[in-house]
Amino acid sequence: MTIDMSQFISVFFDEAAEHLANMESLLLKIDVSAPDPEDLNAIFRAAHSIKGGAATFGFTDLTEVTHVLENLLDRIRKNEIILQPEMVDVFLQSGDVLQAILASHRDHIDLDRAAIASITATLNHLVENQPIAAPANQSALTLIISAGEDFDAVQLNHELSRLGEIEDYEPGDVATPWLYRLKTAFDIQKLIDSLAFVVAPERISIESSADMSQDFGLFLPETEEGAISLDEGYGFFEPLESSTQTASEDDGYGFFEPLPTSANAQIPASAPLQDGEGYGFFQAIKPTTSTAPVATNQPIEMPAPATTRVPNERATDKAVDTSIRVSVEKVDQLLNLVGELVITQSMLAQNALQLDPVLHEKLLSGVAQLERNTRELQESVMSIRMMPISFVFNRYPRLVRDLAAKLGKQVELKMIGDNTELDKGFIEKLSDPLTHLVRNSLDHGIELPDVRTSRNKQAQGTLTLKAFHQGGNIVIEVSDDGAGLSRERILAKAKERGLNVSDSMSDNEVWMLIFEAGFSTASEITDVSGRGVGMDVVRKNIQSMGGRVEIQSMQGIGSTMSIRLPLTLAILDGMSISASDELYIIPLTFIVESLQPKSSEIKTMAGRGNVINVRGEYLPLIALYEIFNLKPKINSFEEGLVIILEAEGQKIALFVDDLLGQHQVVVKNLETNYRRVNGVAGATIMGDGHVAFILDVAALVKMAQHVTPTELTAMAA
Amino acid sequence: MAKKILAVDDSASIRQMVSFTLRSAGYEVVEAVDGNAGVSQAKSTQVDLVLTDQNMPGMDGLTLIRTLRGLPQYSATPILMLTTESSDAMKQQGRAVGATGWLVKPFDPQKLLEVVRKVIG
């Protein structure tokens with residue numbers, strides 16, 4: 001029977017990625033001078049698990065790197081090697097390399113072999129340059145090289161004499177194993193590692209004969225079948241025939257520990273130190289499979305960590321048995337169906353309103369109950385898509401550490417509310433803008449240590465990432481206690497770029513200027529700033545998620561950038577408006593204000609459409625009926641309403657017939673059901689069964705740009 | 001009736017592979033993610049064989065074996081350690097707590113079945 005392992009590989013990839021992330025976060029918070037043994041164990045276990053899986057799935061490159069890493073980690077957790085700060089860096093780099101190897105296997109892309117070789121060399125170097133905790137006494141070992149093809153015996157002798165003292169020696173050939181007896185201070189693993197260049201590690205096995213003073217010859221037991229089955233890779237601790245554990249206390253064990261009677265059973269008969277008189281005084285050299293790596297694609301096994309593991313309960317470990325993995329599509333489908341249900345329910349509710357409450361009392365109470373249940377169901381399904389924001393936040397400790405080191409700054413990163421949940425769709429989209437804000441804070445916000453001390457601040461700056469719920473929104477804040485934005489410089493810069501600014505603008509309006517596309521050029525706003533770099537892109541990204549960015553800043557005290565996002569993309573808060581008997585929804589986040597226009601405020605530019613003067617500011621005015629080629633119902637502007645919309649930093653005035661009310665609507669994708677329509681972001685079904693389009697405000701703003709901002713400024717002047 | 005095997009491993013991929021291998025050979029398999037879960041599984045359903053990893057969070061393999069051996073209904077049930085650590089010291093500890101045998105990782109599905117057949121047929 002052949003067994004296809006490929007089906008489990010993707011699980012392994014997920015698992016390994018989780019282990020790497022866990023390892024990284026543990027490494028980042030480790031206190032080098034006094035590492036927590038539990039953390040060391042957890043880091044070791046992460047490397048260990050990756051190695052086990054990698055070996056099982058035949059990713060030898062992954063196995064090789066993790067093997068060296070694991071070795072070093074094992075010795076650190078056993079206090080054989082003292083953890084050094086530079087080791088943490090190397091471990092972090094190793095994590096990066098492992099990640100790259102994983103990605104290359106997963107996505108079938110090319111592997112950076114140089115990086116692997118370099119990190120392996122660095123790790124090996126670290127292992128070798130540490131004083132080896134030599135055992136007080138030299139131990140006598142017997143080294144067996146399994147029968148097979150010849151190797152360079154001179155080289156082996158040389159290696160062995162470097163490691164210890166060869167006491168006896170018996171050559172082998174294709175049928176008989178080579179036997180070496182030597183005294184050495186090194187441990188078995190070290191020996192096998194050192195000999196790897198001469199003899200394949202698979203062929204080497206080492207037995208620690210406890211007391212070599214006993215005189216005995218080096219004979220290979222001829223009948224010992226188990227001795228030859230080096231590639232068995234398993235063993236039984238007692239004869240299977242009498243495998244009743246309780247009985248074995250009396251019969252099986254004792255002084256004459258039963259040696260394997262079954263052909264396949266191999267007792268790890270060595271280590272007589274523990275049960276010295278227990279069994280076989282120095283049984284003739286018998287290659288046990290114990291230390292020899294046996295399975296085909298298996299690298300050298302490391303010595304067993306003798307310490308029992310400290311119970312270590314982590315959220316990720318715990319989560320395994322209480323969660324299942326489901327594809328996002330399934331959840332999306334569920335969410336879609338619930339959306340349909342919400343619509344059906346509101347249709348029923350609408351129709352039920354027309355019924356006589358007395359005659360249809362039972363039906364009506366059923367409809368009311370349906371409404372409650374639907375709402376709860378909708379919330380539950382939406383919560384499935386929710387993930388803690390720690391998925392995004394977790395990348396920042398590393399980023400902050402690396403960037404702070406590069407910039408020569410001292411920064412403490414605080415993360416608050418990283419359990420706050422938000423829609424999975426946001427998690428992916430949020431990371432770019434957030435990274436940008438974090439980098440900006442580090443690069444331009446937080447000052448260099450000597451600058452900080454000269455300003456009576458602590459040399460170490462603080463960067464805080466905070467996430468919390470507020471109303472129907474999620475707010476994510478990036479704050480620093482750095483230099484803050486400079487009002488004068490931003491204004492100066494804005495004037496230079498010909499933007500419409502004045503010294504009387506409020507701070508908030510000034511801060512908003514850094515989101516202007518014009519600010520994202522190479523020239524900097526302040527000596528330390530350049531805060532404008534790419535901020536227009538940040539805002540664009542956030543707005544594409546239906547959110548917005550706000551800035552609070554005080555010079556010398558620090559800045560806070562707040563991102564405000566709706567809870568989910570599938571349902572949005574919208575304002576329903578009417579134009580010529582049609583119903584439209586405008587996402588609430590884009591609406592600035594609405595007002596009743598006066599004819600005097602509206603000016604017509606020949607052939608270029610209308611503009612409206614809103615408190616001294618001229619905005620392009622477009623009528624919704626024109627955009628969708630509807631028959632106008634209201635002829636004069638004064639009879640209708642103007643809604644001021646803002647997207648990507650541009651404001652426009654949209655003329656509509658009436659404002660109807662605020663709704664939560666289930667967003668339906670128009671493209672999948674019909675095709676893309678300019679100016680329409682999607683559709684929804686209202687309670688009465690009518691379909692309403694959701695307006696794409698960003699597209700409307702673009703359509704309205706028949707008047708250039710400069711012209712508008714000129715009008716205002 | 002199919003023999004029932006309890007597979008304990010904290011790695012989902014290894015656990016799934018072990019289970020898959022055993023199931024495809026006609027065994028019934030119950031899984032557990034660590035020692036603690038393994039003990040409660042073993043208590044809730046009597047199994048014919050336990051396969052356990054050593055390195056696990058919570059309760060490790062050795063502790064699991066010791067705990068199971070303390071239960072009357074598992075005093076004689078075969079328990080195999082499926083471990084990357086095949087050193088003598090580990091085996092000594094395995095034997096000390098009452099393991100029936102050991103099998104090194106990475107395992108070969110054929111080998112796993114071979115060993116399991118030897119133990120429970």
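Summary table
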read-out	value
Helices (runs of 4 or more DSSP H) contained in segment A:51-129 and holding at least 3 residues surrounded by 16 or more Cβ atoms within 10 Å (Cβ to Cβ) and polar (S, T, N, Q)	A:60-77
Selection status of A:ALA368, open to solvent by 50 Å² or more (accessible area, probe 1.4 Å) and either at pLDDT 85 or above or within 14 Å of chain B (Cβ to nearest Cβ) (or both)	no
Breaking point among (1) within 11 Å of another protein chain (Cβ to nearest Cβ); (2) of a type in the set (A, V, I, L, M); (3) open to solvent by 10 Å² or more (accessible area, probe 1.4 Å), for B:ALA2	(1)
Among (1) over 30 Å from A:GLN345 (Cβ atoms); (2) at pLDDT 80 or above - the single one A:LEU624 does not satisfy	(1)
Any chance A:GLY616 is assigned by the TED database to the domain that holds A:LEU437 and either more than 11 Å from A:PHE655 (Cβ to Cβ) or without any contact (Cβ under 8 Å) to a residue 12 or more places away in the chain (or both)	no
Boolean, B:LEU112 is in contact with a Lys or Arg (Cβ under 7 Å, 6 or more places away or on another chain), more than 8 Å from every other protein chain (Cβ to nearest Cβ) and open to solvent by less than 10 Å² (accessible area, probe 1.4 Å)	no
Test set (1) over 20 Å from A:PHE426 (Cα atoms); (2) open to solvent by 40 Å² or more (accessible area, probe 1.4 Å); (3) at pLDDT 85 or above - A:VAL533 fails condition number	(3)
Residue selected from segment B:14-38 under the condition touching a Phe, Trp or Tyr at 6+ places or on another chain (Cβ under 8 Å) and open to solvent by 20 Å² or more (accessible area, probe 1.4 Å), by the criterion nearest to the other protein chains (Cβ to nearest Cβ)	B:GLN16
Every residue from segment A:27-40 that is within 13 Å of chain B (Cβ to nearest Cβ) and in contact with a Leu (Cβ under 9 Å, 6 or more places away or on another chain)	A:ASP39
Segment B:85-94: number of residues that are within 7 Å of chain A (Cβ to nearest Cβ) and open to solvent by 10 Å² or more (accessible area, probe 1.4 Å)	4
Failed criterion for B:LYS43 (all others in (1) more than 7 Å from chain A (Cβ to nearest Cβ); (2) in a loop (DSSP other than H, G, I, E, B); (3) more than 14 Å from the chain's Cα centre (by Cα) hold)	(2)
Close pairs (8 angstrom Cβ cut-off, 6 or more residues apart or separate chains): of a type in the set (Phe, Trp, Tyr) in segment B:1-14, in a loop (DSSP other than H, G, I, E, B) and at pLDDT 90 or above anywhere	none
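One line per residue, one yes/no per condition, for (1) aromatic (Phe, Trp, Tyr); (2) in a strand (DSSP E or B); (3) over 14 Å from the mean Cα position of the chain (by Cα):
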residue	(1), (2), (3)
B:MET81	no, yes, no
B:ALA89	no, no, yes
B:GLN93	no, no, yes
B:ALA96	no, no, yes
B:LEU103	no, yes, no
B:PHE107	yes, no, no
B:GLN110	no, no, yes
B:LEU113	no, no, no
B:LYS118	no, no, yes
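The values are calculated or read from the model by the stated rules, or taken from the named source; none is laboratory data. Please read all numbers here as calculations on a predicted model, not as lab measurements. Please note: Cβ atoms are built from the backbone with ideal geometry, for glycine as well, and neighbour counts cover all protein chains shown. In case anyone asks, the SASA skips ligands and DNA or RNA and just uses the protein heavy atoms, side chains included. Shrake-Rupley method; radii C 1.70, N 1.55, O 1.52, S 1.80 Å.
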